[in-house]
1. Tell me which residues, restricted to the stretch 44-78, are of a type outside the set (A, V, I, L, M) and either within 18 Å of the chain's Cα centre (by Cα) or closer than 15 Å to G119 by Cα (or both).
2. Quick one: which strands (runs of 3 or more DSSP E) lie wholly within the stretch 108-194 and hold at least 2 residues that are touching a Gly at 6+ places or on another chain (Cβ under 7 Å)?
3. Looking at G121, G167, G189, can you tell me which residue is at pLDDT below 95 and under 30 Å from D75 (Cβ atoms)?
4. If we scan the stretch 84-104, do we find a residue that is closer than 25 Å to T132 by Cβ and modelled with pLDDT under 95?
5. So, in the stretch 50-65, of the ones that are part of a strand (DSSP E or B) and among the small types (G, A, S), which residue ends up surrounded by the most Cβ atoms within 10 Å (Cβ to Cβ)?
6. Please enumerate the residues belonging to the stretch 237-247 that are within 20 Å of the chain's Cα centre (by Cα) and either closer than 18 Å to A186 by Cα or β-branched (V, I, T) (or both).
7. Do you know which residues across the stretch 225-259 are of a type in the set (A, V, I, L, M) and buried (at least 19 other Cβ atoms within 10 Å of the Cβ)?
8. Which members of the stretch 167-184 meet the condition of being closer than 21 Å to A109 by Cα and in contact (Cβ under 8 Å) with a residue 24 or more places away in the chain?
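The values are calculated or read from the model by the stated rules, or taken from the named source; none is laboratory data. As the structure is a computational prediction, the values presented were derived from the model and not from experiment. Cβ: placed from backbone, ideal geometry, glycine included. Neighbour counts: every protein chain shown.
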Amino acid sequence: MKKWIAIFLSALLLFCLVGCNGAGDLVLDEVKTYEITEEIQALDIRIDGADVNILQGEKFCVESNLKKLEVSERDGCLSVKDLSRRNGFGFGDHSLKDAVLTIILPKNASFERIYFFAGAGKLAIDALSAETVDLELGAGNVTIGALTVTREIDIEGGAGRIEILDGALHDLDLEMGVGELKLAAALLGDCDLELGVGSSEITLIGSMADYTLDIEKGLGAITVDGKTVTDFGSSGSGASHVEISGGVGAICVNFKEVE
């Protein structure tokens, strides 16, 4: 029930944002730069309606044209929050379609914890590394080049495509909403993938012997290691346990040996 409520709310959010007229006075004519000077161990990012890019570079800073953006450093945590006033059911008078936020991280930076809330807008991440990660995604496509999580990661999908191209994820708890999933990563520990509405392409880094798979079929075909199966159930005895609950859409699971 929780998943379907999340799907409905995400679709409603997308509808309201698309129907709005523009960013208006919530977006500046120029991009402001916020230099980060403290040593940072955690990220807390809460953005309602801007396109977000997280890059790696020589300096540590935040760049954005959001007018009501709060950037603060406290006790080793970098907090970035969109404070734009919202009306009615929490949706603004403007879509913020011209709003952008860029966070430039030091190369090879690693954090203790990362929390990210994205309301609407595209999210593109070069690479992230942390002990724990919590992603709450709304109406927008997400692309992550490389994601490394050593303790646990929680991803709650909204209405949009999620694509993770590489990485290693320990104790992944993924709950998809409406949208395609493309995941290529080593899954470690106990991982639970609850799929939503849309096709899922999952590439597990390692061999089939590394994994114990439990797949519960939903509405859609299942392909595992190139073979179509009608009732997969449980297979394997590897150290990494991956449980997949099917939603509405095809599921394709493949393996990629480490070179």
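1. D44, R46, D48, G49, D51, N53, Q56
2. Once the strands (runs of 3 or more DSSP E) in the stretch 108-194 are filtered for at least 2 residues that are touching a Gly at 6+ places or on another chain (Cβ under 7 Å), what remains is 111-120, 123-139, 142-156, 181-188.
3. G121
4. No, the stretch 84-104 contains no residue that is closer than 25 Å to T132 by Cβ and modelled with pLDDT under 95.
5. S64
6. If the condition is that a residue be within 20 Å of the chain's Cα centre (by Cα) and either closer than 18 Å to A186 by Cα or β-branched (V, I, T) (or both), then V242, E243, I244 are the ones that fit.
7. V242, I244, I251, V253
8. A168
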